[in-house]
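Can you keep this structure in mind? I'll have questions shortly.
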Amino acid sequence: GDYAYVGIGLRVEVLDVTDLKNPKQVGSTGMLDGFITDITIAGSYAYVTIGGVGLWVVDISDPVHLNKVGFLRTPGYAESVDVTGNYAYVAAGGAGLRVIDISDKVHPKEIGIVYTGGYTFDVKVVGNLAYVAGAGAGLRIVDISDPAHPTEVGEYDTPGYAYGVAVVGSIAYVADGWKGLRVIDVFDPTQPKEIGAVETPVQAFGVVLLGTIAYVADASSGLRVVDVSDPNKPTELGLYEVSGGHVRHVAVDGTTAYVVDRNLGLRVVDVSDPKTLTQIGFYGPMGSVEAVAVLGDYAYVAAGSSLR
């Protein structure tokens, strides 16, 4: 809708993006108990993974007044979360894929676990299958038809380091680190096979799909736009370069991309023409922190181009 939910250090901030040129903060969770790694929204709740801590459930029915309603400590390092129905699936780093029953938002509870090969960075759920980006172990596919007993059914060892995954139909798209974007046919989940690839200049960390376009977060080379209308021959169409930035995540809504630059902030990019991407807005809560002084109840922080 009209809001972006952004993980900024220890808090989730809600930005009103009705004016794309000037996003403004309207709400916040306040400080949580660790660094935010991912946010997934389902209905009127946001599910927030907190690094080495676990999963927070946040009521966002009133974006101006967020309400933390439930929490579950998870083992490992909670990297990302996907939600379907009454279950949240947490990619918990070295602790595998954790299945959380969220039917009671106040008291989420773990009901299932599967250890996939490698370190679990990302998870996307489609139907009865969970697709896991497993770092050096590549793409892992897990049958979750019985959420209490998830079972790995297939794997494809990508040539790089799988950080992110998106799935559309019978095709999985893997952000494979130094090996760019890999396109995997998962029609038979027990025998996934690579059918296409496009290498990106730096390090592909994340990928999202909108129609036949893949948007790849590629660290210091920015946002890469790839035509996947023919999955066998993905072709780069355009790019949005960053200077001094480090792009790790992207969300796309219609003709607007929200690009998370870990170094500088949130960039709002017009992607209506995939060949010519243009920044139209920016929200930079802090740049690189250079100095701090404290007096009484206040800390004065020199942070890049902004003073807070």
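The values are calculated or read from the model by the stated rules, or taken from the named source; none is laboratory data. Please read these numbers as outputs of a predicted model, since none were measured by experiment. A quick note on method: Cβ atoms are made from the backbone with ideal geometry, for glycine too, and the neighbour counts reach across all protein chains shown. Accessible surface areas use protein heavy atoms only, side chains included; no ligands, DNA or RNA. Shrake-Rupley method; radii C 1.70, N 1.55, O 1.52, S 1.80 Å.
Please state which of the following conditions Thr40 fails to meet, knowing it meets all the rest: (1) over 14 Å from the mean Cα position of the chain (by Cα); (2) at pLDDT 95 or above; (3) not small (Gly, Ala, Ser).
(1)
So which residues in the range 227-268 are charged (D, E, K, R), out of contact with any His (no Cβ under 9 Å at 6 or more places or on another chain) and outside any loop (DSSP other than H, G, I, E, B)?
Matches in the range 227-268: Asp227, Glu236, Arg248, Asp253, Arg267.
Counting just the residues of the range 295-308 that are outside any loop (DSSP other than H, G, I, E, B) and at pLDDT 70 or above, which one comes out farthest from Gly7 (Cα to Cα)?
Here the answer is Leu295.
A further question follows. Identify all residues within the range 269-283 that are in contact with an Asp or Glu (Cβ under 8 Å, 6 or more places away or on another chain) and assigned to a loop (DSSP other than H, G, I, E, B); write none if there are none.
Passing the criteria: Pro274, Leu277.
Take the range 1-29 and flag every residue that is open to solvent by less than 30 Å² (accessible area, probe 1.4 Å) and assigned to a loop (DSSP other than H, G, I, E, B).
Val17, Pro23, Thr29 - these are the residues of the range 1-29 that are open to solvent by less than 30 Å² (accessible area, probe 1.4 Å) and assigned to a loop (DSSP other than H, G, I, E, B).
Has the range 31-54 got any residue that is in contact with a strand residue (DSSP E or B) (Cβ under 7 Å, 6 or more places away or on another chain), without any contact (Cβ under 8 Å) to a residue 24 or more places away in the chain and open to solvent by less than 40 Å² (accessible area, probe 1.4 Å)?
no
In the range 199-225, how many are without any contact (Cβ under 8 Å) to a residue 24 or more places away in the chain and either more than 11 Å from Glu241 (Cβ to Cβ) or surrounded by 24 or more Cβ atoms within 10 Å (Cβ to Cβ) (or both)?
Final tally of qualifying residues: 3.
Select from the range 177-188 the residues that are under 30 Å from Ser145 (Cβ atoms) and open to solvent by less than 30 Å² (accessible area, probe 1.4 Å) and list them in ascending order.
Scanning the range 177-188 gives Leu181, Arg182, Val183, Ile184, Val186.
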